[in-house]
Each structure stands twice: as C-alpha cells, then as structure tokens.
Amino acid sequence: MDSPITPNDLKNLLSSLALSRGELSDLLGVSKSTVDGWCSNKSIGKKRQQQLRVLILEHRLAAASEPSDPSLEFFNGFKLGPSSFTPRQWETIRLAASIRDMTPGSFLKWAVYSVCNDICSNLEEAEK
C-alpha cells in the first residue's frame, strides 16, 4: 500500500510541474480551497491520491525521457511529437510549454491529462 501524499509531496509536485494551486484544482476537478487544505495537512481522499500519484509518475517519466526524445509515448506505441503536428502547431506547443517553463513533451502530457480529466469530470457529472 502506498503511503499517503504529504503536504510537502504536494508542494514539491506543484513546484516541479510549475502549477499553481488553482491550476491543480482545475486539473483534478476540485476547488482551490480543497488544494489549499491539502497543502495545510487536510487529508486527501483515495481517488485524488490516485490522481496525484499519476501526475507524479507522469512527471518522473517525462523528466527521465525528455532530453533524448521530444516525442511522447502514451500507450502501446502511440506517440505524440513534432511529426504529429504541423510546424506552426509544434512551434505553438513549444511556445506554450516555455511559458509554463515545461518541455514540449511535459506540456503535451499535462494538456492531454487536463483534457481527459475534464472529459471524465463531465461524464461523472452527467451520470449524477
């Protein structure tokens, strides 16, 4: 069983991903005050702990693989990288990544995760 994510773990994640608490709250579909509580020692539920572990793992994988290959493998050989986009699109991705102080691969992971999280949140909301 994984040990609980501590406030320091969460703060380190925010720093390493260059995310604000508000941006993390948007990614996870919670309020900013919830993330503020987690950073102040309020317990994090199992579902959110799992989502945070995925973010941490993705960040570690991106950090380990980014320097040699700007492409990003998601699963079963599916890759995103410069050849997946027009030159103008790739330049926009590079610019957006630099604004967030991220590599293009990390930015793509963050963007895909963010969109998928939004879709899942909308589906969960529709099922209620």
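The values are calculated or read from the model by the stated rules, or taken from the named source; none is laboratory data. Here the structure is a predicted model, which is why all the values come from computation and not from measurement. Neighbour counts are summed over all protein chains in view; Cβ atoms, including those assigned to glycine, are modelled from backbone coordinates with ideal geometry. Note: accessible area is taken over every heavy atom of the protein model, side chains too, but ligands, DNA and RNA are not part of it. Shrake-Rupley method; radii C 1.70, N 1.55, O 1.52, S 1.80 Å.
Return the pairs, sorted by first residue and then second, in which the second residue is in a loop (DSSP other than H, G, I, E, B) and of a type in the set (Val, Ile, Thr), the first residue lies in region 1-21 and is in contact (Cβ under 8 Å) with a residue 40 or more places away in the chain and open to solvent by 60 Å² or more (accessible area, probe 1.4 Å), the beta carbons are less than 8 Å apart, and the residues are 6+ apart or on different chains.
Partner pairs satisfying both residue conditions: 4/44.
Report, by residue number, each residue of region 84-121 that is of a type in the set (Phe, Trp, Tyr) and either part of a helix (DSSP H, G or I) or at pLDDT 80 or above (or both).
Result: 90, 107, 110, 113.
Restricting region 22-48 to residues that are of a type in the set (A, V, I, L, M) and in a helix (DSSP H, G or I), which is surrounded by the most Cβ atoms within 10 Å (Cβ to Cβ)?
35
Given the condition in a loop (DSSP other than H, G, I, E, B), loosely packed, with under 13 Cβ neighbours inside 10 Å and modelled with pLDDT under 75, answer yes or no: does some residue in region 49-68 qualify? Full working, then the answer.
The first filter runs over region 49-68 and keeps only residues in a loop (DSSP other than H, G, I, E, B), leaving 66-68.
Among the residues that remain, those that are also loosely packed, with under 13 Cβ neighbours inside 10 Å are: 67-68.
The next check asks that each one be modelled with pLDDT under 75; those that pass are 67-68.
The answer is yes, given that some residue of region 49-68 is in a loop (DSSP other than H, G, I, E, B), loosely packed, with under 13 Cβ neighbours inside 10 Å and modelled with pLDDT under 75.
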